[in-house]
Amino acid sequence: MKVRKAIIPAAGLGTRMLPNTKSIPKEMLPLVDKPVIQYIVEEAVSAGIEEILIITNRGKSSMEDYFDYAPDLEKALLRDGKTRECETIRAAADMADVFYLRQKETKGLGHAVWRAKSFVGNEPFAVLLGDDIMLSETPVLRQLVDAAEKYGCSAIAAREVDDAHIVKYSSLQISPLEDRIYRIHDMNEKPTLSEKLSNYAILGRYVLTPEIFSILESTPPGRNNEIQLTDGMRELCHQQSMVAVDFEGKRYDTGNLCGYLEATIDFALRNAEVGPWLREFMREKLAD
Ligand code: UTP
């Protein structure tokens with residue numbers, strides 16, 4: 001099973017990050033020295049993805065500009081001897097073949113993924129949520145692709161979370177297959193504590209078989225009156241094998257303020273240019 005294509009659904013309204021996200025897509029918010037979306041595209045590329053479709057919405061065209069060439073800016077940078085800056089912005093545009101499709105109506109994640117049907121065609125594909133940033137030695141998507149290839153089926157990222165979080169995610173009913181990999185028997189979206197199937201939650205990365213599209217086509221709106229990807233995957237896991245990968249690495253939900261700040265501080269501390277300065281600055285601040 002070769003996974004060549006990825007979808008990044010980025011058409012959500014980003015209401016948890018308002019007023020920032022009124023006119024800036026949350027995927028374009030900066031994480032230290034580059035926007036969130038670049039980390040996602042970098043993860044996809046390092047997992048072997050060749051073509052990426054970003055599902056966008058009105059007011060999100062800055063993402064298209066970001067992955068395009070900027071001839072005037074590049075010329076001005078070269079004229080001023082800023083070769084490194086010029087190479088950096090060029091590299092972002094050359095990372096991958098990026099395509100765009102508007103969702104047109106914000107009808108939920110399942111609907112956004114369904115819109116990618118003709119881009120994907122009849123092959124397995126990856127989905128990376130535009131606000132979930134993963135920090136790991138082996139890219140989390142690579143870990144999923146390896147599992148999907150090994151078991152010849154869909155694979156989704158999962159992690160055990162506490163009760164306060166499971167009600168905000170999707171819960172999984174699973175049984176162990178090998179270290180960190182589980183067979184999925186069932187799942188449900190944003191369960192109440194009495195509905196939860198376990199504390200294993202689905203988190204932001206998926207490798208799916210194309211059969212999901214015909215299922216999503218007839219999946220009715222679920223939680224929050226949105227077409228939920230989890231409802232579609234639930235049907236898929238009843239029709240075919242599906243595995244969950246308890247991935248190695250740290251995950252940040254940059255779609256809420258605390259997760260965004262956590263990622264910003266962690267990434268800044270790891271940054272060679274500003275890390276040492278920030279560490280000193282924080283030491284002084286905390287001693288105040
Ligand atoms: P979220 O649940 O995080 O929703 O969507 P959101 O609208 O982006 O943010 P909040 O909750 O209002 O703050 C999960 C992912 O699905 C995408 C989002 O862009 C995000 O990456 N999505 C959601 C779509 O692409 N289309 C939709 O209709 C809904």
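Checking the cross-link filter: which aspartates and glutamates have an alpha carbon closer than 15 Å to that of LYS2, excluding same-chain neighbours under 8 positions apart?
GLU50, GLU51, GLU123, ASP146, GLU149
Sort ILE49, ILE181, ILE54 by Cβ crowding within 10 Å, fewest neighbours at the top. Could you put the intermediate results ahead of the total?
Values: ILE49 23, ILE181 19, ILE54 26.
Lowest count first: ILE181, ILE49, ILE54.
Could you tell me whether segment 1-119 comes out rounded, prolate or oblate from its Cα gyration tensor? Rule is a ≥ b ≥ c as square roots of the eigenvalues, rounded for a/c under 1.5, then prolate if a/b exceeds b/c, otherwise oblate.
On the way: a/c = 2.18, a/b = 1.39, b/c = 1.57.
Here segment 1-119 falls in the oblate category.
Using 31 Å as the Cα-Cα cut-off, could you pick out the over-long pairs in LYS22/LYS150; LYS34/LYS150; LYS34/LYS75; LYS104/LYS196; LYS34/LYS168; LYS5/LYS190?
Too far apart for the 31 Å limit: LYS22/LYS150; LYS34/LYS150; LYS104/LYS196.
If you stretched the chain out fully between SER194 and VAL167, how much longer would it get, using 0.36 nm times the residue separation minus the C-alpha to C-alpha distance? Show your work: numbers first, answer last.
Details: separation 27, 0.36 × 27 = 9.72 nm, distance 0.99 nm.
Result: 8.7 nm gained on full extension.
When the Cα centres of segment 198-253 and segment 35-86 are compared, how far apart do they sit, in Å?
One Cα centre to the other: 29 Å.
For segment 115-170, just say rounded, prolate or oblate: build the C-alpha gyration tensor, square-root its eigenvalues into a ≥ b ≥ c, call rounded for a/c under 1.5, and beyond that prolate if a/b exceeds b/c, oblate if not. Each step should come with its number before you reach the end.
On the way: a/c = 1.86, a/b = 1.46, b/c = 1.27.
It comes out prolate by the Cα gyration axes.
Which value at 222 nm does the chain reach when only helices count, each DSSP H run of 4 or more adding -39,500 (n - 2.57), with the total divided by all residues and rounded to the nearest 500 deg cm²/dmol? Working shown, then result.
On the way: 12 runs with 107 residues, N = 288.
So the calculated ellipticity at 222 nm is -10500 deg cm²/dmol.
Using 0.36 nm per residue, how much length does the chain from LEU261 to SER23 gain when fully extended, once their Cα-Cα distance is taken away?
83.7 nm
With charges set only on the Cβ (+1 for Lys and Arg, -1 for Asp and Glu), what does the dipole of the chain come to about its Cα centre, in debye to the nearest 20? Intermediate values should be presented prior to the final figure.
Working: 36 positive and 45 negative charges, 111 e Å.
For this selection, approximately 540 debye.
Please find, in a Gaussian network model of the chain (springs between Cα atoms separated by less than 10 Å), the residue of THR56, THR192, THR219 whose mean-square fluctuation is greatest.
It is THR192.
Using 0.36 nm per residue of separation minus the Cα-Cα distance, give me the extension gain between GLU137 and LYS107 in nm, one decimal.
Numbers: separation 30, 0.36 × 30 = 10.80 nm, distance 3.47 nm.
Here the answer is 7.3 nm.
For the chain, just the Cα set please: Rg and Dmax, both in angstrom.
Values for the chain (Cα only, Rg and Dmax): 19.5, 64 Å.
Rounded to the nearest 5, what % of the DSSP beta bridges within the chain are antiparallel ones? Intermediate values should be presented prior to the final figure.
Working: 27 of 46 bridges.
So the antiparallel bridges in the chain amount to around 60 percent.
Say we join alpha carbon atoms closer than 10 Å with springs in a Gaussian network model of the chain; which of GLN240, GLN103, GLN228 then has the biggest fluctuation?
For the chain, modelled as a Gaussian network with Cα springs under 10 Å, the answer is GLN240.
Mind listing the phi-derived Karplus ³J(HN,Hα) values for segment 261-277, rounded to whole Hz, using 6.51, -1.76 and 1.60 with θ = phi - 60°, and x for any glycine or proline?
5, 4, 5, 4, 5, 4, 5, 5, 5, 7, 6, 4, 6, 9, x, x, 4
Out of segment 243-288, which GluC sites (Glu not before Pro) are coil in DSSP terms and have no more than 13 other C-beta atoms within 10 Å?
Values: sites: GLU248, GLU262, GLU273, GLU280, GLU284; in loops: GLU248, GLU273.
Those satisfying the criteria are GLU248, GLU273.
Answer rounded, prolate or oblate for segment 177-262, using the Cα gyration tensor with square roots of eigenvalues a ≥ b ≥ c: rounded when a/c is under 1.5, else prolate when a/b is larger than b/c, else oblate.
Details: a/c = 1.61, a/b = 1.20, b/c = 1.34.
Because a/c hits 1.5 or more and a/b fails to exceed b/c, segment 177-262 counts as oblate.
No lab work stands behind these numbers, since they all come straight from the coordinates. Not measured: the values here are computed from a predicted model. When we count neighbours, we look across all protein chains shown, and the Cβ atoms used for this are built from the backbone with ideal geometry, even at glycine.
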